[in-house]
Amino acid sequence: MGVDNGFLLALAGMAVASYACRVGGYFLMGYVQLTPRVEAALKAVPLAVMIGIVMPSVAAGRVPEIAGLLAVGLAMRLTRIDVVAAIAGAATVGVCRATGL
């Protein structure tokens, strides 16, 4: 089975676009004065991304995702470490799915 050249071209284009967005943002932030308000907004970005990823599944009302969201909230409350909360949520969803919930 061969790989389509159009696919490879699209993949390379997406990689270049993704890299350009990251590098462009990095360099443009050099011109932004970091006020407390801007700093607070930047600190909120990871949470906003996580909510954007999780909420469509939670809105569908599936038990594993709702349990995972509760685990994330509890882990954040206890540890205040977002990576720990993400792992707790993913583990909870995995256990729920493995047990057939």
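Let's see how each residue does on (1) under 15 Å from the mean Cα position of the chain (by Cα); (2) of a type outside the set (A, V, I, L, M, F, W, C):
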{"site": "Ala15", "(1), (2)": "no, no"}
{"site": "Val23", "(1), (2)": "no, no"}
{"site": "Ala41", "(1), (2)": "no, no"}
{"site": "Val45", "(1), (2)": "yes, no"}
{"site": "Gly52", "(1), (2)": "yes, yes"}
{"site": "Gly68", "(1), (2)": "yes, yes"}
{"site": "Ala75", "(1), (2)": "no, no"}
{"site": "Ile81", "(1), (2)": "yes, no"}
{"site": "Ala90", "(1), (2)": "yes, no"}
* Asked: List the pairs whose first member sits in the stretch 48-64 and is at negative phi, whose second member is outside any helix (DSSP H, G or I) and aliphatic (A, V, I, L, M), and whose Cβ atoms are under 6 Å apart, counting only residues at least 6 apart or on separate chains?
  -> Val63/Leu101; Pro64/Leu101
* To do: Under 7 Å between Cβ atoms, at least 6 apart or on separate chains: pull out the pairs that start in the stretch 87-101 with a residue that is of a type in the set (Lys, Arg) and end on any residue that is in a helix (DSSP H, G or I) and open to solvent by less than 90 Å² (accessible area, probe 1.4 Å).
  => Arg97/Pro64
* Structure fact -> Note on the stretch 33-91: residues more than 20 Å from Leu101 (Cβ to Cβ) and either in contact with a Cys (Cβ under 9 Å, 6 or more places away or on another chain) or hydroxyl-bearing (Ser, Thr, Tyr) (or both) are Thr35, Thr79
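The values are calculated or read from the model by the stated rules, or taken from the named source; none is laboratory data. Please read all numbers here as calculations on a predicted model, not as lab measurements. Glycine gets a Cβ as well: all are built from the backbone with ideal geometry, and neighbour counts include every protein chain shown. Side chains included, ligands, DNA and RNA excluded: accessible areas come from the protein's heavy atoms. Shrake-Rupley method; radii C 1.70, N 1.55, O 1.52, S 1.80 Å.
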